[in-house]
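So the structure is just underneath, and the comments pick up after that.
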Amino acid sequence: MARIVVLGAGIGGVPMALEMKELVGKNHQVTVISDSPTFHFVPSNPWVAVKWRTPDQIKIPLAPVFKKRDIEFIQQKATRVHPSENRVELADGASVNYDYLVIATGPKLDFEAVPGFGPEGFTQSVCHVDHAAEAGHFWDGFVKDPGPIIVGSMQGASCFGPAYEYLFIANSDLRKRQIRDKVQITFVTSEPYIGHLGLGGVGDTKGMLESELRQHHIKWITNAKVDKIEQGKMFVTEVDDNGQEKKKHELPFKHTMMIPAFKGIDAVFGVEGLVNPRGFVLIDEYQRNPNFKNIYSVGVCVAIPPVEATPVPTGAPKTGYMIESMVTATAHNIHDELQGKAPSHKGTWNALCLADLGDSGVAFLAKPQIPPRNVTWAGKGKWVHWMKIAFEFYFMRKIKKGVSEPFYERMMLKFIGIMRLKSPH
């Protein structure tokens, strides 16, 4: 009996464990290691940050889910992965041995990159449910005494969707409270243009999102590098297309939320042959590490090069359905190896995204997510807002039931030409 260990229990880790167990059944053991007792639905964090959701509404206790599926759950922080020894070291001093390891930890948030940045500094965050909850408490006070807001993404960021979502959700909440006229909002981003999203744009995301910004009287600065943040003031250098300094900005704020750059977690950072210099896990086309063949990785923690060179560094995002395709490919490849076969499954890395804009939304489809693409489409409307709410309910229901991909979901997406695995032909 092989022991398959999944490190992490988020958007990638939980479906990974469920799908892996479904394939191997009782023949092999699946173990999940996580420092959190709960799963939380990360895409809902921007709602938590303005009190449209409570943290408990987007959390699910993990132990009952895994017990139902006969998956071992170890609630401990992993302190180090030792690939040459096939073991994961835990915070309590114990170790977990594995035959196969799937790293699905998500990232470490690089708040240290800029002075004054992060919840320990002068800015709010929506990257973790606990940060979003803190931002929600801050929001309660802010709306009583409003002032300028700055929202955006730092240099090196690779996750731009939540910045746009929070920007427009906050804007919508202020309008509902009839205090939008008291708040100047500025969007500051490392992207070379609005709607780039770290993807070189998808369809007309540039035109659609610029239109939304103009419609709601939101100023923006692109090609922006944040130098430092002080109490009530952000110092930003705007560069031209060649990366040369164009203009210095000193932006006042009473509230700011900026998406940080990501890097690998401490447990894997610096492990030679396993990760790149930023700590992201190196993988081949089968999601497998090229140096340690029994280690796979899925989700935000994998190493993917930027889509293109930009004046200010931007990374490539790893979105929800793209991660799900990584999960399915990994589960099938490990299953193949257990049967003595070589890995042969490749994820499509297709992207199907819903971005809530408060009372409207933007949706896009990219097949695959990384260009050049076979299909590119983007659209917007109130229907996206309601679809995002429905998707939150649906995905959390899947997790509660302990199911990764119900057959009806697979059939529906296949019908419209969206699949997790590439055709072998």
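The values are calculated or read from the model by the stated rules, or taken from the named source; none is laboratory data. Note that the coordinates shown come from a computational prediction; the quantities given were computed from them, not determined experimentally. With ideal geometry, Cβ positions are generated from the backbone for all residues, glycine too; neighbour counts draw on all protein chains shown. Areas reflect the complete protein model, heavy atoms only, side chains present, ligands, DNA and RNA absent. Shrake-Rupley method; radii C 1.70, N 1.55, O 1.52, S 1.80 Å.
Applied to segment 361-375, the Karplus parametrisation 6.51 cos²θ - 1.76 cosθ + 1.60 on θ = phi - 60° returns per-residue 3J(HN,Hα) values of x, 10, 10, 9, 10, 10, 10, x, 5, 8, x, x, 10, 7, 9 Hz, with x for Gly and Pro. Rounded, prolate or oblate: which fits segment 353-413, taking a ≥ b ≥ c as square roots of the Cα gyration tensor eigenvalues, rounded meaning a/c under 1.5, else prolate when a/b beats b/c? Taking the square roots of the gyration eigenvalues as a ≥ b ≥ c, segment 353-413 is oblate.
Hey, what did the chain get for relative contact order, percent, Cα under 8 Å, at least 6 apart?
18
Split the accessible area of the chain by element, probe 1.4 Å, and carbon with sulfur accounts for 53%. Computed from Cα positions, the angle between helix 161-176 and the longest principal axis of the chain comes to roughly 50 degrees. What does the charge add up to near Ile11, with Lys and Arg as +1, Asp and Glu as -1, over the other residues with Cβ less than 14 Å from its Cβ? Result for the local shell: -1.
Computed from backbone phi with θ = phi - 60° and the Karplus coefficients 6.51, -1.76 and 1.60, the 3J(HN,Hα) list for segment 407-424 is 4, 5, 5, 4, 5, 5, 5, 4, 4, 9, x, 10, 10, 7, 10, 5, 5, x Hz; x is used for glycine and proline. Applying 0.36 nm per residue to the separation of Ser84 and Ser211 and subtracting their alpha-carbon distance, the gain on full extension is 40.5 nm. Number of Lys-Lys pairs in segment 220-376 with C-alpha atoms under 20 Å apart and a separation of 8 or more places or on different chains: 21. Proximity of backbone amide H atoms, modeled 1.01 Å from N, is registered between Gly279 and Gly264, Gly270 at under 5 Å, excluding neighbours fewer than 5 places apart on the same chain.
All other residues whose Cβ lies under 15 angstrom from that of Met1 are scored, Lys and Arg at +1 and Asp and Glu at -1, for a net of -1. Scanning the chain for GluC sites (Glu not before Pro) in DSSP loops with at most 14 neighbouring Cβ atoms within 10 Å leaves 121-271 as the longest stretch between them. Centroid-to-centroid, using Cα positions, segment 134-158 and segment 14-37 are 37 Å apart. For Asp227, nonlocal amide neighbours, meaning residues 5 or more places apart or on other chains whose placed amide H falls under 5 Å from its own, are Phe235, Val236, Thr237.
Looking at segment 294-392, which trypsin sites (Lys or Arg not before Pro) are DSSP coil and have at most 15 other C-beta atoms within 10 Å of their C-beta? Sites meeting the loop and neighbour criteria: Lys341. Rounded to whole numbers, the Karplus 3J(HN,Hα) couplings from phi for segment 142-149 are 4, 5, 7, 9, x, x, x, 10 Hz, using 6.51 cos²θ - 1.76 cosθ + 1.60 with θ = phi - 60°, and x at Gly and Pro.
Local charge for Lys247 was computed over the other residues whose Cβ lies under 10 Å away, with Lys and Arg +1 and Asp and Glu -1, and equals -1.
Given H placed 1.01 Å from N in the peptide plane, which residues other than close sequence neighbours of Thr79 have an amide H under 5 Å from its amide H? Those lying under 5 Å, H to H, from Thr79 are Glu89, Leu90, Ala91.
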